[in-house]
Amino acid sequence: MGVFAGWSLLGAVGLIGTPGRLHVESCWATHEPKASTECGGELRSPGGRLLDPDAAILANVKVGSTISVRDEPVMGLEKVGFESVVGWGTLVTVALLASVISIREAVPVHGLLGRLPQVVGGRWPVRCLGTIAVAGAVTYGVPVVHELVRSALATVFAK
């Protein structure tokens with residue numbers, strides 16, 4: 001999970017993949033691999049050159065909008081932006097915390113990591129899991145608030 005999330009985080013911040021802009025022409029419901037929305041349209045390079053006239057992405061976006069994407073070698077088209085960075089960044093953090101908890105509980109460790117239980121108290125796994133829960137809430141909460149504010153501002157300035 002950590003490698004996948006790290007790879008996706010690199011794409012979300014724009015370090016891997018080919019950049020482009022997808023003009024969304026249509027969206028439809030899909031059930032592969034799970035119930036979600038797939039949207040398609042024209043994929044153009046940042047310079048405006050047509051890269052793919054029938055590009056598709058699994059994302060919930062509005063028809064007629066143009067979104068920034070990256071065409072990644074493994075994942076295909078992925079959205080680029082604030083929501084993606086927050087989501088993948090949180091998954092990387094969760095993977096690292098889960099690794100630290102697993103290693104600390106399974107192997108006697110010396111040094112700073114070995115003193116972790118004394119530093120954060122006797123219930124450090126519970127506190128780490130609490131941190132994971134807060135990180136998950138931020139992952140889903142911050143993008144929702146961001147979208148609500150963006151929609152409200154777009155509505156106000158559209159009048």
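Listed values, structure above:
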item	result
Per-residue ³J(HN,Hα) for region 19-24, Karplus 6.51 cos²θ - 1.76 cosθ + 1.60, θ = phi - 60°, Hz, x for Gly and Pro	x, x, 10, 9, 8, 7
With all protein chains modelled, accessible area of residue 34 [1.4 Å, Å²]	140
Theoretical gain in end-to-end length, residue 15 to residue 38 [0.36 nm per residue, Cα-Cα removed]	5.9 nm
Accessible area per residue in Å² at 1.4 Å probe, computed on region 1-106	57
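The values are calculated or read from the model by the stated rules, or taken from the named source; none is laboratory data. Note that the structure is predicted; figures quoted are calculated from it, not measured. These accessible areas exclude ligands, DNA and RNA; they are computed on the full protein's heavy atoms, side chains included. Shrake-Rupley method; radii C 1.70, N 1.55, O 1.52, S 1.80 Å.
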